[in-house]
Amino acid sequence: MKLNTAHLIPDAGVSGSVASRAESVLRLTGLTKSFGAVRALRGVSFDLKAGEVHALLGENGAGKSTLIKVIAGAHAPDAGTLEVFGHPVDRLDPATAHRLGIACIYQQPALFPDLTVAENIGLRLEPATAVRWIDPVQQKSCAVEWLRRIGAEISPDSEVRELSMPEQQLVEIACALGAGARIVIMDEPTSSLTQREVERLFAVVRDLRRQGVGIIYISHRLEEIFALADRVTVLRDGESVGTFPVRDSRNQPALTEAELIRWMVGREVSQLYPPATGAPGDIVLSVSGLGCAAAGVHSVDLQVRSGEILGLAGLVGAGRTELARVLFGLTPADSGEIRWRGRVVRIRSPREAIAQGIAYVPEDRRRHGVILEMPVAHNLTLAVHRTLFPGGWLLPKAEGVLAGEWIGRLGIKTDGPQAPVGSLSGGNQQKVALGRWLVTKPGLLILDEPTQGVDVGAKGEIHQIIRGLAADGLAVVLISSDLPEVLGMSDRIAVMRGGTVVTVLPGGSTASAVMAAALGQPPDGTGV
Amino acid sequence: MNPPALQIRTGSRSRPWLRSELLLLGVLIVESLVFARTGTHFATVGNALEILRLSVEIGLLAVVMTPVILTGGIDLSVGSLLGLCAVCFGKLWRDGGLAWPVAALATLGIGGMAGGLNAVLITRLRLPPLIVTLGSLSLFRGLAEAITRGVDNFTGFPPSFLMWGQGYFGGVIPAQAPLGIAVMIGVGLLVHATSLGRSLRAIGFSPEGARYAGVPVGRQITVVYLLSGVAAALAALVYVARVGQAKADAGTGYELLAITAVVLGGTSIFGGTGSVFGTVLGVATLAVLRNGLQLSDQPGELAGILTGVFLLTVLAGEMAFKKYSARRVASGMLQTSTASSKPASS
């Protein structure tokens, strides 16, 4: 096995300044991509130069993941052009992207845990023929060489499962470089790293930049962008707000964090959300010092009143779903106190949560929210077996009446109560998932991303339903990564960061204030 | 409420097992017609009852295996447990000096405990049922051999006990038949008419989905493996009463016959769909096949070959139907799946 390594030997003759390498290694123009009714990218243009770190910034759902998936060849764009090293590329699939020298390093490294580091690197670098001879000695020396080049102190003989997350990322980087990558995409590489590990990773990234590799760097941490990036492109609602240099000619910061936040959020909250009605009632649920080590949630203080919608905002990974799972008994709390209507209660299982009157519509509708193969009627009654069928015998008549009633009330479009939920559209599946819990007549309803993957029409209907439930005195906790939705629907907004609630903002707070709290920045005060 | 026509249409769509049951019923009728021509004394009431008499043990195992497989699990240990329960019963009666009804009750308890062991390993340690019961398959058979040291054979049971395997009510109805039919009806009601049966299907389709709906998944899985253990003990008693002796090798391979009957009856090995009626048809198809071939003077090997052909035919049919309905469902879900595959970028 012979590897072509010439392209990676640092070019001693070139200073490494950005100016001398100004040619674009990657240029995207007018990229458009839709998924059903959702327009993920709307005419995004983007370019990457050799030897630069280009940060990609945006809210959850702004289109960052879609963009990098297009670059990595995982998604074909609907429209737009792609140029790699100055050559237009018509069709980009993962194999072509790989051959062109594009490598993507995801948050979760995709290595074989049972193989050694050397075997993993070898697998990526060897030509993919049906039968291959493996020379363990050469495989190992090759691995040693690539690991040395990125300055990673990892034994090539250790099994990947024994490595920490950052070490696995370094192995991924070694694989990418070994395969001759000239364009490296890093998707939130620091999300699970400690400060020291972050610094080591930065050193590697800077080294790659010196070697002329173009790096697309995605992170929610603004300070990293200032520490590392040469330019930043901000995405919002699938469009590019613009590309800005991070530093000016005198190497001073050319941007402020407040500006970046405003660009990321930068829009009026639409007035399409149904208005709040009436004042909130008594405190239904009150938790103090609530924590669950297994779920990564700690010291949460929170109160929810009947008749109010409490928004739970935060970045992905801030612990919102995890908190909901603790309250619903899926991962029971191991510290703190839960008071339900003033009484201290313990919630050790979903069954106990349901008995108290807590309902949870989970984020992953298809896996957790409904049982796709089962009929609509059976899904609607699954959580009320004990009250609907008190003797344990199924009562098809009572079930049919109840199912029919809720299909009508929620406007579920279905062939009939016996149609499997899997045959329904996403929005109607979501209504079934919601209906299952409304049937239990809960006191508190936790909604986790209730409108994700739902078309625009059904989204509005679901918003109306939620507002109507609150008006009827239900306490609602609304988890959503869709910031306008949280702002538009919530009476109060609890912001989570790092597994705990960092602040509770009043309704009518600005998007900037929420984003700033979610990012751990002081609010800029200017609002949007 | 919907017009009746609509309900019939959607009803049959939600119960695809109905198709395999009809298919199987056709197979059963055809094979009976063939054997009625080729076999001597096949088409007699006496022979039908004899088939019933010989199928009770496998029937008990298969009927109770149905809810196990409905949850997406499997119990490979029932054949070995039948052997263990048989020798335990013999030991308790002969060497323990217990009256046979007491020994029989104790045997049922042993079966329940053995099923409970499977259940604990599956629900507490989260081990796959296939592995757990593969282990207990060896364990139970090994214990049976240890108790008999591989050679002991319990015989000489009192007539009042043997009657339950060899006697006839009114000189016509085999004594074990009412027992088998009662269990069949009981489990049929449990699976099809109780909320527990509904939850078992939910678990089979999606254990996580069931958990998120508040179904006590662990507890309900425990119930089905407990029942499976007790059924194996019951089958052991019927077996010993029928053959009049209890050896360590009793019931060898019965677990595979039971699983074959369940799957032949249209219960999905992946869980969720299936019926006790289908299982009963499956047991009948296999029993009629063996009996008919015997009465037609055909070699016994043919039974194995034909069982295999039937099973693979039914499974292929089930798969083809699944693909067909999946395509229909997919057209309805297309928009959802693409929309949710748009990751909330972050």
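Annotations
- Amide H contacts of B:Thr194 (H built 1.01 Å from N, under 5 Å, at least 5 apart or other chain): A:Leu394
- Based on the Kirkwood approach, the hydrodynamic radius assigned to the stretch A:414-490 is 13.1 Å, with every pair of different Cα atoms included.
- Range in chain A, longest, excluding exposed GluC sites (Glu not before Pro) [loop by DSSP; at most 14 other beta-carbon atoms within 10 Å]: A:269-528
- Relative contact order of chain A, pairs being alpha-carbon contacts under 8 Å that are 6 or more residues apart, as %: 15 percent
- Using alpha-carbon coordinates, inclination of helix A:456-471 to the longest axis of chain A, degrees: 50 degrees
- Loop chymotrypsin sites (Phe, Trp or Tyr not before Pro), the stretch B:199-281, which have at most 14 other Cβ atoms in a 10 Å radius of their Cβ (DSSP): B:Phe270
- The share of alpha-carbon pairs in the stretch B:16-317 lying farther apart than 26 Å comes to 45%.
- Value of relative contact order over the stretch B:16-317, rounded to a whole percent, pairs C-alpha under 8 Å and six or more apart: 38 percent
- Taking Cα atoms only, the orientation of helix B:4-14 departs from the longest principal axis of chain B by about 70 degrees.
- Per residue, chain A reaches -9500 deg cm²/dmol at 222 nm when only DSSP H runs of four or more residues are counted, each adding -39500 (n - 2.57).
- Net charge contributed by nearby residues that have their C-beta within less than 12 Å of A:Phe244 (K/R +1, D/E -1): -1
- Charge dipole (Cα centre; +1 on Lys/Arg Cβ, -1 on Asp/Glu Cβ; no other charges) of chain A amounts to roughly 640 debye.
- Along chain B, longest interval not containing exposed trypsin sites (Lys or Arg not before Pro), exposed being DSSP loop plus at most 11 other Cβ atoms within 10 Å: B:150-346
- In whole angstrom, chain A maps to an equivalent ellipsoid with semi-axes of 46, 26, 23, each derived as √(5λ) from the alpha carbon gyration tensor and ordered largest first.
- For A:Trp406, the shell of other residues with beta-carbons less than 12 Å away shows a net charge of +2, using +1 for Lys and Arg and -1 for Asp and Glu.
- Under 5 Å between amide hydrogens, built in the peptide plane, is the criterion, and for A:Arg497 it picks out A:Val502 among residues at least 5 positions away or on other chains.
- Loop-located trypsin sites (Lys or Arg not before Pro) in the stretch A:377-451 (DSSP state not H, G, I, E or B) with no more than 13 neighbouring Cβ atoms inside 10 Å: A:Lys413.
- Secondary-structure-derived ellipticity at 222 nm for chain B, considering helices only, amounts to -25500 deg cm²/dmol, per-run term -39500 (n - 2.57) for DSSP H runs with n ≥ 4.
- Loop-located trypsin sites (Lys or Arg not before Pro) in the stretch A:331-373 whose Cβ has at most 15 other Cβ within 10 Å (DSSP): A:Arg341, A:Arg346, A:Arg348
- Counted charge near A:Ala333, where neighbours are those whose Cβ lies closer than 15 Å (Asp, Glu -1; Lys, Arg +1): -1
- Helix A:136-149 axis, angle to chain A major axis (alpha carbon atoms, nearest 10°): 90 degrees
- For the stretch B:175-294, radius of gyration divided by Kirkwood radius, i.e. Rg to Rh on alpha-carbons: 1.01
- Directionally averaged projected area (convex hull, Cα atoms, the stretch A:367-441), nm²: 4.5 nm²
No value in this document is a laboratory result; all are computed from the given coordinates. Fair warning: this is a prediction, and the values are worked out from it, not measured in the lab. Note that each Cβ is placed from the backbone with ideal geometry, even for glycine, and that neighbours are counted across all protein chains shown.
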